[in-house]
Amino acid sequence: MGKRIIARARGKGGPRYKSPSHRYLGRVEYASTNNIKGEVVDIVHDPGRTAPVAVIKLEDGKKIYHIASEELKVGDTINYDKGLSVGNVLSLSEIPDGTKIHCIETFPGSGPKICRSGGSFAMVVGKTDDKVTVRFSSGKIKTIDSKCRATIGVPAGSGRMEKPFTKAGKKFYALSARGRLYPITKGVVMSPVDHPYGGRSKRPRHGKAVSRSAPPGAKVGSIAPRRLGKKKGK
């Protein structure tokens, strides 16, 4: 009968593929009111994120979580809709061109959605009447509603990639904290009972084209491709 391949097992769910969200700090959000101040009372680590989290105490006494920006420290003041200091939250229409931003809303009031990982940021490159164009570090350009809010600066934790894991065990625990499976075995080195690509030899094997209506256990490879094989030279 065989066992489920990883793609199908992940879809079924289970303890191995379940994210341990009960260990996570909480939801990162923006204040629901404008023109309000907040103080950074603590900067903490969240197992589910690559960037540290700043605990913000607003003027009304409510505490919320922000992605901590570089150079932000305990005791700093966060302003909504006022000033261009690091950590402040403003509408995209109020942010000058060339400013680095993160935690961008996808629509007004959605809360921070884009550029939340450590070191990721975008830059305002142009404006129209009701739209703002931002460019991401990948080079991709996106047009967003000018009423959407964003945080000034770059998320802290950008140097996390400079230190290697050095051991497979460290990477296993780092990824398991986010509910990710590691290590992952290639399908071609499995047995035929465990994967459609499995067998005693990597080649020859059956074609990798599958129907778009194939069940999850068989839907691996090229899904409904238009063509297969290498293109012949002219």
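Bear in mind these aren't lab numbers, they're just calculated from the coordinates by the rules spelled out. What you see is a predicted model, and the numbers here were worked out from it, not measured in a lab. Note: ideal-geometry Cβ built from the backbone for every residue, glycine included; neighbour counts use all protein chains shown.
Taking R0 as 35 Å, what FRET efficiency do you get between Phe165 and Glu29 from their Cβ-Cβ distance, rounded to the nearest 0.05? The formula returns an efficiency of 0.65 here.
Cβ-to-Cβ counts within 10 Å put Glu105, Glu94 in ascending order as Glu94, Glu105, the fewest first.
Over the chain, the hull volume per residue, using the convex hull of the C-alpha atoms, is 218 Å³. In order along the range 23-32, the Karplus-derived 3J(HN,Hα) couplings, from 6.51 cos²θ - 1.76 cosθ + 1.60 at θ = phi - 60°, round to 8, 6, 6, x, 7, 7, 8, 10, 5, 6 Hz, and Gly and Pro are given as x.
For the pair Lys140 and Tyr182 in one chain, pulling the backbone fully straight at 0.36 nm per residue adds 12.1 nm over the alpha carbon distance. In the chain, the DSSP-assigned H stretches of four residues or longer account for a calculated mean residue ellipticity at 222 nm of -2000 deg cm²/dmol, using -39500 (n - 2.57) per stretch and the full residue count as denominator.
Put in order of Cβ neighbour count within 10 Å, fewest first, the listed residues Met161, Met123 become Met161, Met123.
Amide H contacts of Lys131: Ser146, each under 5 Å away and 5 or more positions distant or on a separate chain (H built 1.01 Å from N in the peptide plane; Pro and chain starts excluded).
Placing +1 on each Lys and Arg Cβ and -1 on each Asp and Glu Cβ, with no other charges, gives the chain a dipole about its Cα centre of roughly 2800 debye.
The lysines within cross-link reach of Lys12, meaning a Cα-to-Cα straight distance under 16 Å and a gap of 8 or more places when in the same chain, are Lys3, Lys219. The DSSP beta bridges internal to the chain are antiparallel in roughly 90% of cases.
Shape summary: the range 21-160 maps onto an equivalent ellipsoid whose semi-axes, from the alpha-carbon gyration tensor, are 23, 17, 13 Å in decreasing order.
For the range 72-176, the tally of Lys pairs with Cα-Cα distances below 18 Å comes to 19, considering only residues 8 or more apart or on different chains. Centroid-to-centroid, using Cα positions, the range 1-65 and the range 80-113 are 20 Å apart. You can think of it this way: the chain between Ser21 and Lys230 has 70.8 nm of extra reach, that is 0.36 nm per residue less the Cα-Cα gap. Taking only the Cα atoms of the range 131-224, the radius of gyration and Dmax are 21.3, 59 Å. Mind giving me the FRET efficiency for Glu39 and Glu94? R0 is 25 Å, r the Cβ-Cβ distance, nearest 0.05 is fine. Between Glu39 and Glu94 the formula returns 0.70.
Computed from the C-beta positions of Met190 and Thr106, the FRET efficiency with R₀ = 35 Å rounds to 0.35.
Given their separation in residues at 0.36 nm each and the Cα-Cα distance between them, Asp81 and Asp129 gain 15.4 nm when the chain is fully extended.
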